[in-house]
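Read through the structure below, which is laid out as structure tokens, and then see the notes.
The values are calculated or read from the model by the stated rules, or taken from the named source; none is laboratory data. None of the values given here were measured: they were computed from a predicted structure. Backbone-built Cβ (ideal geometry, glycine too); neighbour counts: all protein chains shown.
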Amino acid sequence: MPLPGFNRYVILGALGTIVFLSGGCQQYVDKPLVPEQSATELLNRSLADPGLREFLKQNTGRDLPASTSTWDFETLNWVAFYYNPSLAVARAQWAGARGSIITGAQRPNPSVNFSPGYDFNPAAGTISPWFLGGSFDLPIETAGKRDKRIQTASWQSEAARQNLFDAAWQVRGELRQALLDWDAAQRRTDILQKQVQANQLVVQLLEERLNAGAISADEISTQRLALVKAQSDAGNATRALALARAKLAEVLGVPVSALDGQAFSTDSIAQGHVFSGDELSAARTVSLKTRADVLASLASYQASQSALQLEIAKQYPDLHVGSGYLYDLGENKWNLSLGIDIPLFNHNQGPIAEAQAARELAAAQFIAVQAHVITQIDSANAVAQAAAGQLEDLRKVDTELHKHLDSMHAQTDAGAADRLDYQTALLDASASELALLDAQSQLASAIGQLEDALQVPFANLPALENDPHAPTPVTKP
């Protein structure tokens with residue numbers, strides 16, 4: 001027996017409602033990764049890229065002509081921020097954390113139940129053996145669960161945001177060290193090449209004396225070994241320079257070929273100074289409250305607090321308000337319902353205990369981060385103090401050796417000393433230059449690590465929140 005027309009309309013209306021509600025659903029869009037394409041894009045990265053130039057202009061406040069070929073530390077920072085993939089990863093993680101806020105803010109959807117039936121033994125005179133039933137259920141969350149979910153997700157998002165800034169600080173520190181290593185390797189290579197030339201000349205002069213019978217063969221063997229060592233050191237320095245150049249390209253996020261024809265300056269690297277006790281204490285106090293990793297850890301703790309509040313709120317059951325309809329043998333019946341979950345077998349003790357443990361873990365991790373910060377700051381300052389003292393001592397030695405070299409040069413020109421004496425003094429001064437270079441590099445590195453440990457804010461840091469490679473949105477008229 002066919003359904004009455006009224007029931008057909010109800011069924012069609014229900015189906016139409018389902019189709020209408022499903023129309024707002026998002027559709028999956030395939031976005032495949034093509035290794036060949038991404039590899040080509042990486043290999044084609046350049047310091048002359050128009051997008052990079054625009055990014056630099058926005059964040060440095062000045063135009064950089066296409067002919068720019070000398071890059072200072074601060075400008076290179078923004079190059080690294082534009083290309084370095086670690087920031088893209090941190091930015092994507094932050095986007096995921098922001099998405100969890102939307103998830104936390106969602107209200108539970110109502111449900112509709114449709115239950116038609118058929119009576120195989122209808123009473124005589126029944127209008128229709130079919131009966132049609134349906135119900136509607138609207139869940140209502142209690143105890144502020146939705147607000148607590150939003151709070152938890154918001155704090156997790158803030159932690160991810162601070163992790164982005166912490167990643168930027170790590171990139172900045174790696175860039176500074178790579179630039180210092182490149183500069184030191186270049187200067188070391190130049191000094192060692194001069195040492196090789198000086199040793200070659202000394203060996204040549206000693207060979208002339210050997211041929212003249214003025215010295216024995218044993219006296220020249222030591223200098224020949226010194227020449228071999230100098231040549232080996234020069235070769236190692238050349239390899240170290242190539243590695244330093246590759247490391248600089250890696251931190252910048254460009255292929256090594258992108259550095260061809262470019263010059264890099266370390267002059268703008270903040271040298272800073274070694275802190276006194278009071279200065280260090282004051283700076284440390286500020287850093288323990290403002291460093292990005294400290295703020296990220298603090299946000300994670302706040303998220304654990306909100307998560308615990310949420311689990312405690314789940315002890316209180318949610319409400320279910322509903323309505324039902326039944327078409328029964330020609331009669332239309334309607335009802336209301338009110339439901340509630342009964343916390344009979346548990347009061348959410350397990351998740352509450354887990355959330356409490358998670359909060360204790362977050363608190364311990366926060367203390368661990370602060371302890372690491374203290375150690376990092378104190379260690380960097382101690383190393384800087386030792387390097388500063390060593391540098392001062394080596395400068396005095398270097399000054400004396402160069403005075404002696406100037407004296408030997410004057411004596412050689414006057415005929416009071418021979419060329420061998422001058423070349424020996426030149427080698428001594430060259431060895432002093434190498435030691436001085438090492439001390440300068442160690443001090444610059446220690447001061448840079450101290451800056452990274454303190455995380456003294458640099459200009460326009462929040463600009464990193466936006467993806468510089470994202471397409472510009474098109475505004476519809």
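Kindly check whether there is at least one residue in the range 401-413 that is of a type in the set (Gly, Ala, Ser), outside any helix (DSSP H, G or I) and at pLDDT below 90. No: the range 401-413 contains no residue that is of a type in the set (Gly, Ala, Ser), outside any helix (DSSP H, G or I) and at pLDDT below 90. Residue-level check: of (1) surrounded by 12 or more Cβ atoms within 10 Å (Cβ to Cβ); (2) assigned to a loop (DSSP other than H, G, I, E, B); (3) touching a Lys or Arg at 6+ places or on another chain (Cβ under 9 Å), Arg107 misses just (1).
Filtering the range 74-126 to residues that are β-branched (Val, Ile, Thr) and either on the phi > 0 side of the Ramachandran plot or touching a Phe, Trp or Tyr at 6+ places or on another chain (Cβ under 9 Å) (or both) leaves Val79, Val112.
Consider the range 125-148 and keep the residues that are charged (D, E, K, R) and in contact with a Ser or Thr (Cβ under 8 Å, 6 or more places away or on another chain). The one that is surrounded by the fewest Cβ atoms within 10 Å (Cβ to Cβ) is Asp137.
Within the range 330-380, can you find the residues that are surrounded by 12 or more Cβ atoms within 10 Å (Cβ to Cβ), polar (S, T, N, Q) and more than 26 Å from Leu280 (Cβ to Cβ)? Within the range 330-380, Ser337, Asn348, Gln356 qualify.
Picking from residues in the range 276-298 that are of a type in the set (Ser, Thr, Tyr) and part of a helix (DSSP H, G or I), the one that is surrounded by the most Cβ atoms within 10 Å (Cβ to Cβ) is Ser297.
Within the bounds of the range 188-203, is there any residue that is closer than 20 Å to Ala230 by Cβ, among the acidic types (Asp, Glu), part of a helix (DSSP H, G or I) and modelled with pLDDT under 95? Checking the range 188-203: at least one residue is closer than 20 Å to Ala230 by Cβ, among the acidic types (Asp, Glu), part of a helix (DSSP H, G or I) and modelled with pLDDT under 95. Cβ-Cβ contacts under 9 Å between residues 6 or more apart (or on different chains), taken from a first residue in the range 47-64 that is more than 14 Å from Ala258 (Cβ to Cβ) and of a type in the set (Ser, Thr, Tyr) to a second residue that is at pLDDT 85 or above and in a helix (DSSP H, G or I), are listed as Thr60/Glu74; Thr60/Thr75; Thr60/Trp78. For the range 62-82, the criterion of a residue being surrounded by 12 or more Cβ atoms within 10 Å (Cβ to Cβ), in a loop (DSSP other than H, G, I, E, B) and within 22 Å of the chain's Cα centre (by Cα) is satisfied by at least one position. Only residues that are outside any helix (DSSP H, G or I) and crowded, with 20+ Cβ neighbours inside 10 Å were counted across the range 246-263, and they come to 2.
Tell me, yes or no, whether the range 299-317 has at least one residue that is in contact with a strand residue (DSSP E or B) (Cβ under 9 Å, 6 or more places away or on another chain) and either in a loop (DSSP other than H, G, I, E, B) or not small (Gly, Ala, Ser) (or both). The answer is yes; a qualifying residue exists. Among the numbered conditions (1) without any contact (Cβ under 8 Å) to a residue 40 or more places away in the chain; (2) over 30 Å from Leu437 (Cα atoms), tell me where Ala363 comes up short. Against the list (1) without any contact (Cβ under 8 Å) to a residue 40 or more places away in the chain; (2) over 30 Å from Leu437 (Cα atoms), Ala363 comes up short only on (1). Looking at Ala246, is it touching a residue at least 24 places away in the same chain (Cβ under 8 Å) and either of a type in the set (A, V, I, L, M, F, W, C) or closer than 30 Å to Leu42 by Cα (or both)? Judged against the criteria, Ala246 is not a match.
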